[in-house]
Amino acid sequence: MRLFRASLATVAVCLFPLLSQSLVAPRRAARGVARRMQLRASTDINNIDDAKAQIRWLPPLNPSVKEASSSGIPNTTVMPVFPLGSIAYCPESEQVLNIFEPRYRKMYNDILMNGSRRFCVTMVSNEQAGQFAEVGVVFYLKDLREVSEQTGDAVKYICTHDVVERVKIHTILNPRAGVDRSTYMKAEVSILTDDDKDAELDAAQAALMEKVEKVVGLQDELGEDVRFEVGVAERFDGGRNGDKSLWSLIELWKAYLGTRMQSKSNQMQREVEEILVTYLQKRADNPKGKAMRSGSFSLADLPLSVRKNVQGMQERLRGEVMPMLDEQTIWVQLILQAATHEERLAIFEKLVDNETQRIQTRLSLKKMFGSVDAPSIGGEPKDEPGFDGPGPVMGMGQPGVLDEPPVADEPEAPVAPEASAAPVAEENEAADEPGLDEQGLDEPEPKSGP
C-alpha cells in the first residue's frame, strides 16, 4: 500500500509539471493566435474605409439617461471625460489647453482638490453626433496658470499636460451631461497595457526606421517644400516608450501632415487671389468692377466661369487634404487602440509605405516631364524641429500649432480648408445638433513646433 502511495505520489509529482504546461500552453497559444489575428487585421487595412470600419466607438449618448449603471468590470476607475474634437492624441506628448467653459473650470478645480490631476480625452465621431471613441488617453495636469484677470475672464486657466497612458472607456456614467452641459462627463475606464509587453521587437522597429530614413532621403532628392530634415530618423528608434519612441515619431508625423495641409491651403489661396486680381484688373473701368474693388464681395458676385474655377480649386484642395487629415485622425486612432506594439508598428509602416509611394510617383513624373506640380509655401522660412521647409507651421485646427490664441467656445473638428475660414460655433451651440456635446468647448493653446 505504501509502495502504491509512493508510486501514486511519484506519478503525481511527475505529472504536475506536464499538467501545468498543458493548462498554460493553450492559454499562451490562444494569446499568440489572438495577437496574430490582430496583426493580420491591421495589415489587411488597405484604405480609409477599412480603417474607419476598424475604429471602436461607444454607443451614442442617450440624453434620456441621467445616470448609467456601472459596467461591473473589475479593476476600473472613474475619470472625468473631456472630449476635444476629432483629434487623436498620443501618449508621451505634451498638450496645452485654454480652459474657459464653467463645467471644465469645475473639472479642473475638482481634479486639483482630490489630487488626481487626471482626466480622459477621447476622439469624437464626425459621422455620428454624441459618439466617442472607445479608446482614449489620460491627460495629467502638470502646470496651471490662472489668467482670468489678463483675459477679462474670457479664459480662466492655461493648462499644460503630459499625455501619460491609454485607457478603454467602458461606460459614460452621466450621459445627459453631454447634452445639457450642466457639468462635465465622467466615465468608467481601465488602463490599457500592451498584450505583447514582453516581446522583443528590435528587428521590426529597426526595419520601420529604415523605411522612415528612405522617405527622408526621397523627399530630399525630390526637393519637397515640406520635408523631414535629413538625419531625423536617427532621433527615433520606434520603441514603446521614451523620447525616441514610436509615439514621439507619430507626433512628428502628425505635425508634418499639418504643415503639408497648410501649404496646400496657402497655395490655393494665392491662386484664388490671382484669379480675382486678374478679373478685377480687366474690369478696372467697369462700374461693377470699381464697386467690387472698393468694397467686399462674395463668390456669388462673380461670373459663373470664375465661380466654377474657384470651386474646382476648392474641390481639388479637398481631395488632396482629406487623405492627410485621415492620417492625423482615423489612422492615428487606429494605432492608439492597437492591442500590441507589433500591431502599432505594422499600421504605421503602412503610412510610411504610402508616403514612399507618393514621393516615388512624384520623382517619376519629374524624370519624365522635368518637373512636378509642387506648390511652394508663402511666408518667411521658419525652421521647425524634425522637418525642414519654409512657411509657418499650422495644423488645420490641430493642437499646439495654431496661428493665434483660440477665442471660440467650441473647438472645430478638423475639416478640409475652404477659400475662407468657416465661422466658429458660439457657446452652447454644437456643430451638428443643438445641445449635443460633440467636441467639448475648450480649445488647445498655441505652441511652437510639434
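Data overview
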{"read-out": "Residues (among the small types (Gly, Ala, Ser) and touching a residue at least 24 places away in the same chain (Cβ under 8 Å)) located in segment 178-206", "value": "GLY178, SER182, ALA187, SER190, ALA199, ALA204, ALA206"}
{"read-out": "Residue ID - least open to solvent (accessible area, probe 1.4 Å), chosen from residues in segment 209-239 that are over 30 Å from ASP194 (Cα atoms) and not in a loop (DSSP other than H, G, I, E, B)", "value": "GLN219"}
{"read-out": "Failed condition for GLU92, given (1) under 26 Å from ASP243 (Cβ atoms); (2) surrounded by fewer than 21 Cβ atoms within 10 Å (Cβ to Cβ); (3) touching a Leu at 6+ places or on another chain (Cβ under 6 Å)", "value": "(3)"}
{"read-out": "Any hit, segment 158-167, residues being open to solvent by 10 Å² or more (accessible area, probe 1.4 Å) and in a loop (DSSP other than H, G, I, E, B)", "value": "no"}
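The values are calculated or read from the model by the stated rules, or taken from the named source; none is laboratory data. Small disclaimer: the values here were computed from a predicted structure and weren't measured. Positions of Cβ are generated from backbone atoms using ideal geometry, with glycine treated the same way; all protein chains shown enter the neighbour counts. The area values use the complete protein model at the heavy-atom level, side chains included, leaving out ligands, DNA and RNA. Shrake-Rupley method; radii C 1.70, N 1.55, O 1.52, S 1.80 Å.
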